[in-house]
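*Asks:* Let me give you the structure first, and then I'll get to my questions.
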Amino acid sequence: MPNYPIGFEPVGTVALLTNPRSGRGSARHATELALEVFDKRGVNAIAFNATSPEDTGRILQRALADLDFDAIAVCGGDGMLNKVLQETANTGIPIGIVPAGSGNDTGRHLRIPFDPAAAADVIADGFVTTTDLGLITNEAGQSMWFASVLSCGQDAYWTARASEYNWVRGPSKFHVAILEGLARFQSHKFRIELEGVHTLPHLSTEDRLRMEVRDGVVEEGGKLVLERTMYFASFGNTRSYGAGKIICPQADHHDGLLDLTIIEDEAIVPGIFQAPAFVRGDHANIPWVTSYQCQRATVFSDVDIPAHGDGEPMLVNPFTVEAVPAAGRFIVPAP
């Protein structure tokens with residue numbers, strides 16, 4: 001069993017990375033409030049402004065090479081946090097979050113306050129937890145990390161469209177993208193090869209039998225192959241994406257597993273009427289939803305479909321996605 005250390009650590013010097021454009025400019029104000037708190041708490045915070053995802057990576061690389069920080073603080077959304085993960089995953093560097101984006105799903109899962117001053121206080125307190133992270137790797141050997149959910153299929157399309165809706169503020173952009181996606185329903189043929197498979201413990205006997213009839217019995221060694229037309233498949237290290245849409249309600253970032261939620265091809269008409277249950281995370285026993293847990297999965301489809309992790313475009317299938325135990329460290333509210 002992997003070790004997941006937790007506890008207080010001294011936070012004396014922090015690199016505060018900000019995208020002033022995050023949250024339609026709200027990150028700029030959030031940064032000012034966070035800096036005031038750090039000053040009052042005696043934390044030496046050095047602010048870095050990034051104007052693009054690529055800029056974030058370059059700035060962080062320079063900061064880590066030139067200066068010695070106790071933690072990296074991210075003032076922005078899930079996308080900016082994801083860029084920081086590409087440099088800090090599996091390094092032991094703790095990340096603090098000041099939520100200031102449109103989705104903020106990783107911060108939501110980790111119970112980070114949405115008030116910038118309160119979030120900065122959490123960082124100054126320095127209580128660090130260790131979590132799993134997701135890792136996606138394509139056939140060329142390129143890899144990318146994610147903290148929350150990796151989407152592949154129609155939900156990746158929703159995510160991509162939501163990022164284009166600059167005229168819509170906050171979580172509403174995800175609602176608009178979902179409505180547009182339902183109007184343009186498109187499914188794809190997938191082949192998903194699962195390893196280290198578990199069925200979710202809360203499933204009813206009826207649902208377990210339905211899954212066995214559709215997918216077969218899990219092979220020795222925890223292997224299972226799913227091959228059929230699907231609306232989308234999402235792999236969750238945490239529970240939600242799209243500003244709180246609970247796609248993987250049982251996901252646990254301490255179990256070394258990813259939760260897989262599949263929305264089946266027949267979902268389009270009933271899905272419109274059962275959307276509230278889907279948003280709340282009450283969808284596990286709905287017939288057109290299939291759920292598993294796995295350590296690793298290899299995904300193929302009939303066309304090239306880009307995956308999105310933490311709301312950011314990642315790699316195109318075929319790819320392998322896996323849970324990497326204890327690869328992330330985050331500063332969170334003390335229990």
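The values are calculated or read from the model by the stated rules, or taken from the named source; none is laboratory data. The structure presented is a predicted model; accordingly, all values stated were derived computationally and were not measured. Here the Cβ positions follow ideal geometry from the backbone for every residue, glycine too, while neighbour counts run over all protein chains shown.
*Asks:* If you take the residues of the stretch 93-120 that are in a loop (DSSP other than H, G, I, E, B) and hydrophobic (A, V, I, L, M, F, W, C), which of them is modelled with the lowest pLDDT?
*Replies:* 100
Conditions (1) surrounded by fewer than 17 Cβ atoms within 10 Å (Cβ to Cβ); (2) part of a loop (DSSP other than H, G, I, E, B); (3) modelled with pLDDT under 85, marked per residue:
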site: 161; (1), (2), (3): no, no, yes
site: 166; (1), (2), (3): yes, yes, yes
site: 169; (1), (2), (3): yes, yes, yes
site: 179; (1), (2), (3): yes, no, yes
site: 186; (1), (2), (3): yes, yes, yes
site: 214; (1), (2), (3): yes, no, no
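*Asks:* So, of the residues in the stretch 85-122 that are touching a residue at least 12 places away in the same chain (Cβ under 8 Å) and β-branched (Val, Ile, Thr), which turns out to be surrounded by the fewest Cβ atoms within 10 Å (Cβ to Cβ)?
*Replies:* In this case the residue turns out to be 93.
*Asks:* Any residue at all in the stretch 26-34 that is under 20 Å from residue 114 (Cα atoms), at pLDDT below 80 and either in the same structural domain as residue 94 (by TED's automatic domain parsing) or basic (Lys, Arg) (or both)?
*Replies:* Taking every residue of the stretch 26-34 in turn, at least one turns out to be under 20 Å from residue 114 (Cα atoms), at pLDDT below 80 and either in the same structural domain as residue 94 (by TED's automatic domain parsing) or basic (Lys, Arg) (or both).
*Asks:* Going by the conditions given, is residue 65 on the phi < 0 side of the Ramachandran plot, in a strand (DSSP E or B), surrounded by fewer than 24 Cβ atoms within 10 Å (Cβ to Cβ) and not polar (S, T, N, Q)?
*Replies:* no
*Asks:* Output the number of the condition that residue 40 fails; it satisfies all remaining conditions of (1) within 19 Å of the chain's Cα centre (by Cα); (2) over 14 Å from residue 96 (Cα atoms).
*Replies:* With respect to (1) within 19 Å of the chain's Cα centre (by Cα); (2) over 14 Å from residue 96 (Cα atoms), residue 40 is out only on (1).
*Asks:* From the list 105, 121, 125, 132, pick out the single residue that is within 16 Å of residue 321 (Cβ to Cβ) and of a type in the set (Asp, Glu).
*Replies:* After applying the criteria, what remains is 132.
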